[in-house]
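The values are calculated or read from the model by the stated rules, or taken from the named source; none is laboratory data. This structure is a prediction, so every number in the text was calculated from the model and none was measured. Ideal geometry is used to build each Cβ from the backbone, glycine not excepted, and the neighbour counts take in all protein chains shown. Each accessible area value is taken on the protein alone, full model and side chains, heavy atoms only, with ligands, DNA and RNA left out. Shrake-Rupley method; radii C 1.70, N 1.55, O 1.52, S 1.80 Å.
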Amino acid sequence: MRIIGTGSALPEKVVTNDMLAGFLDTSDNWITTRTGIRTRRLLSTETLRELALEAAKKAIASSGLTPADIDYLICSNVANSYVSPSLGSIILGQLGCCCPTFDMNGACAGLVYSLDVADAFLKTGRARNILVVAAEQPSRFCDWHDRSTSVLFGDGASALVVTGGEGFFDFRLTGNTHTDVMYYKRSLEPTPYDRVEERTQPLVMEGREVFRLAVESCIEDVDVLLERNGLKGEDIDLFLLHQANMRIIECIRQHLEQPKEKFPTNIQKYGNTSSASVGILIDELSRAGVLKEGATILISTFGGGFVTAAALLKWSEILYGKEA
Ligand code: ACO
């Protein structure tokens, strides 16, 4: 499988740390030093569906395919205002695609989970061209009186078009039940038989424990992928890591003893956009010409569950309408 198109979309509204300090007991200094985040984009006048559509349209346009060529749409999303239909179903028609679709909830690792599924579909011949969209509004999971969670997140969408070819050459996915360290619970309707009172519980997170799990499990993924492919840290051109906290990225970098330039980030601008994050990074770097033909890239992500998903690939340059 290889990536032949990329796209991303972000809300217009830029929210600085100082703006948050206007109504939360926090400061630009605390947020910057503990997380690396300086601003985030938050949905205000737009909708998540519009972001997902914009990212998907850009990805299809850059792939050189038409919407009719897409024969599967996998949409990574943790939650939006619709439980059903899926976000994939909601955007399919406006995209002009007519193909099977489903939503994937792999938390913040959902984009790489989706890519793993796409890889299997392509290998078995179930599809030829797959559109993977990751669209998230984690700002709406948080209690905006809770300074320990609301400052961390931003909204955004990313999309990748994948097809058969020489690109991805290994994946590693893991799952463990650690549901108490991070969860967002939505209420269900009562029935005449089950009247257990349910209440929406905005995001609960044990930050330090999530931090520890993230560092330990991502390091394990990275080490396993390198070892079983006979590679060392120095053989990797770029490490594209889930943009959740600059200090988590730094711990992984120090373990690998690789230079900072190999760990591009955009968390400073966008905060943690959940499963959209690594796709936004890929789109920005690809369009900026940073992802060179043949570059070896290691992607590593993690999310609530606790789940992780990592992948190794060789990059094929995308031209975005420029001459070869
Ligand atoms: N502003 C000011 N002070 C704050 C804030 C804030 N926004 N939030 C917490 N504090 C305070 C705490 O109350 C605490 O005060 P105390 O010492 O008086 O008790 C102090 O800062 C330290 O709190 P800690 O939680 O220990 O701070 P820590 O250094 O661990 O940083 C953080 C917190 C940034 C949440 C860190 O633990 C982290 O990044 N964890 C991982 C989070 C993550 O990645 N989540 C997403 C995972 S999956 C996904 O992407 C959906």
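A few notes on this one:
- Radius 15 Å from Cβ of Pro259, net charge of other residues (Lys, Arg +1; Asp, Glu -1): -2
- Modelled label positions at Ala120 and Tyr82, each set 7 Å beyond Cα in the direction of Cβ, lie 2.5 nm from each other.
- Gyration tensor verdict on region 170-314 (Cα atoms; rounded if a/c is under 1.5, prolate if a/b is larger than b/c, oblate otherwise): prolate
- Most fluctuating residue given options Leu42, Leu111, Leu95, as computed from a GNM of the chain linking Cα atoms under 10 Å: Leu95
- Among Phe239, Phe23, Phe153, residue whose mean-square fluctuation peaks in a GNM of the chain (springs only between Cα atoms under 10 Å): Phe23
- Once the 1.4 Å probe is applied to the protein heavy atoms, the chain comes out at 45 Å² accessible per residue.
- log₁₀ of I(q)/I(0) at q = 0.10, 0.12, 0.13 Å⁻¹ - the chain, Debye sum with one point per alpha carbon: -0.54, -0.79, -0.93
- Only DSSP H runs of four or more residues enter the estimate; each adds -39500 (n - 2.57), and after division by the residues of the chain the mean residue ellipticity at 222 nm equals -9500 deg cm²/dmol.
- Gain on full stretching of the segment that runs from Leu188 to Ile219 - 0.36 nm per residue minus C-alpha separation: 7.4 nm
- Among the lysines of region 170-314, pairs at least eight places apart or on separate chains and with Cα atoms under 25 Å apart come to 11.
- Calculated on the alpha-carbon coordinates, the convex hull of region 1-111 measures out at 141 cubic angstrom per residue.
- Net length gained if the chain between Ala61 and Arg128 were fully extended (0.36 nm per residue, minus Cα distance): 22.4 nm
- The chain, accessible surface, carbon-and-sulfur percent (1.4 angstrom probe): 49
- Summing +1 for each Lys or Arg and -1 for each Asp or Glu among the other residues whose beta-carbon sits under 11 angstrom from that of Gln268 gives +3.
- Extension gain (nm, one decimal) between Lys260 and Ala295, 0.36 nm per residue minus Cα-Cα: 10.9 nm
- Listed residues Gly230, Gly279, Gly106, most fluctuating in the chain (Gaussian network, C-alpha, under 10 Å): Gly230
- Where labels lie 7 Å past Cα in the beta-carbon direction, separation of Glu234 and Asp69 in nm: 4.0
- Across region 1-138, the relative contact order, built from alpha-carbon pairs under 8 Å that are at least six residues apart, equals 27 percent.
- Percent RCO, i.e. relative contact order, over the chain, from Cα pairs under 8 Å lying at least 6 residues apart: 26
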